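Read through the structure below, which is laid out as structure tokens, and then see the notes.
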Amino acid sequence: ETAVFQTPNYHVTQVGNEVSFNCKQTLGHDTMYWYKQDSKKLLKIMFSYNNKQLIVNETVPRRFSPQSSDKAHLNLRIKSVEPEDSAVYLCASSPRGDTLYFGAGTRLSVL
Amino acid sequence: QQQVRQSPQSLTVWEGGTTVLTCSYEDSTFNYFPWYQQFPGEGPALLISILSVSDKKEDGRFTTFFNKREKKLSLHIIDSQPGDSATYFCAAANSGTYQRFGTGTKLQVVP
């Protein structure tokens, strides 16, 4: 049963465009995350939000920015996409920082 | 810098056989070790997890072992089934921090 919803499922865009991905969780968790999964399936943390406060921000390029309106929503904006941004972006939530509940991901292709 | 190493990268097992995946880590403060299972087109989902105070946890056909001294953990799947074919990730975390993921193992169970 899906409880972390991501939109869109797939997005194709060109270099330099701005894109935005949405994530909503219905589990009532306090913490949400964005992970990037590359073509080799490697999972890397990008951002973590706890009650709308950014608590982790790995060394991601400045063109990436998380946006949260409340603890159930965490969106991801990429200001000017680059070819290396092609990947699957996975949103997750967690009740206490232990088990992660992932969405199905948004696959981004940058032409 | 890969903080959690996982092997093998891929594995083929006959139906009914035993699958063994291994991981090692460096940070001795890690105390929570989940294993996730990911099917194509889906996000990872928790399979089983273990805390550093334990050395073994079993859930049906899945067992995870933890060796604190050697900083290693493993996942054993007995009676492997074609439906177990997926990518498996180990992860590690300590209290209040985000999970670091291993590089993943693609498992194929052949009938």
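The values are calculated or read from the model by the stated rules, or taken from the named source; none is laboratory data. Predicted model, so just to flag it, every value in this text is computed and none were measured. Glycine also receives a Cβ, built like all others from the backbone with ideal geometry; neighbour counts cover every protein chain displayed. Calculation scope for accessible area: heavy atoms of the full protein, side chains included, ligands and nucleic acids excluded. Shrake-Rupley method; radii C 1.70, N 1.55, O 1.52, S 1.80 Å.
Taking strands (runs of 3 or more DSSP E) that fall entirely within segment A:43-111, which contain at least 1 residues that are open to solvent by 50 Å² or more (accessible area, probe 1.4 Å)? Break it down into steps so the answer makes sense when it comes.
Numbers: elements: A:43-50, A:53-57, A:64-67, A:75-78, A:87-94, A:106-110.
Passing ranges, in order: A:43-50, A:53-57, A:64-67, A:75-78, A:106-110.
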Sort out which residues of segment B:65-94 are more than 20 Å from B:S10 (Cβ to Cβ), open to solvent by less than 50 Å² (accessible area, probe 1.4 Å) and within 14 Å of the chain's Cα centre (by Cα), and write them in order of number.
-> B:F66, B:A92, B:A93
Specify the residue that is least open to solvent (accessible area, probe 1.4 Å); the eligible residues are those in segment B:41-57 that are among the small types (G, A, S), within 20 Å of A:A3 (Cβ to Cβ) and assigned to a loop (DSSP other than H, G, I, E, B).
-> B:G43
Hey, B:L21 hits all of (1) in contact with a Ser or Thr (Cβ under 6 Å, 6 or more places away or on another chain); (2) surrounded by fewer than 18 Cβ atoms within 10 Å (Cβ to Cβ) but one; which does it fall short on?
-> (2)
Which numbered condition A:G16 misses (of (1) away from chain B (no Cβ under 11 Å); (2) touching a Lys or Arg at 6+ places or on another chain (Cβ under 9 Å); (3) surrounded by fewer than 16 Cβ atoms within 10 Å (Cβ to Cβ)) | (2)
Can you name every residue in segment A:19-42 that is assigned to a strand (DSSP E or B) and within 13 Å of another protein chain (Cβ to nearest Cβ)?
-> A:C23, A:Q25, A:T31, A:M32, A:Y33, A:W34, A:Y35, A:K36, A:Q37
For segment A:22-35, enumerate the residues that are surrounded by fewer than 21 Cβ atoms within 10 Å (Cβ to Cβ) and within 10 Å of the chain's Cα centre (by Cα).
-> A:N22
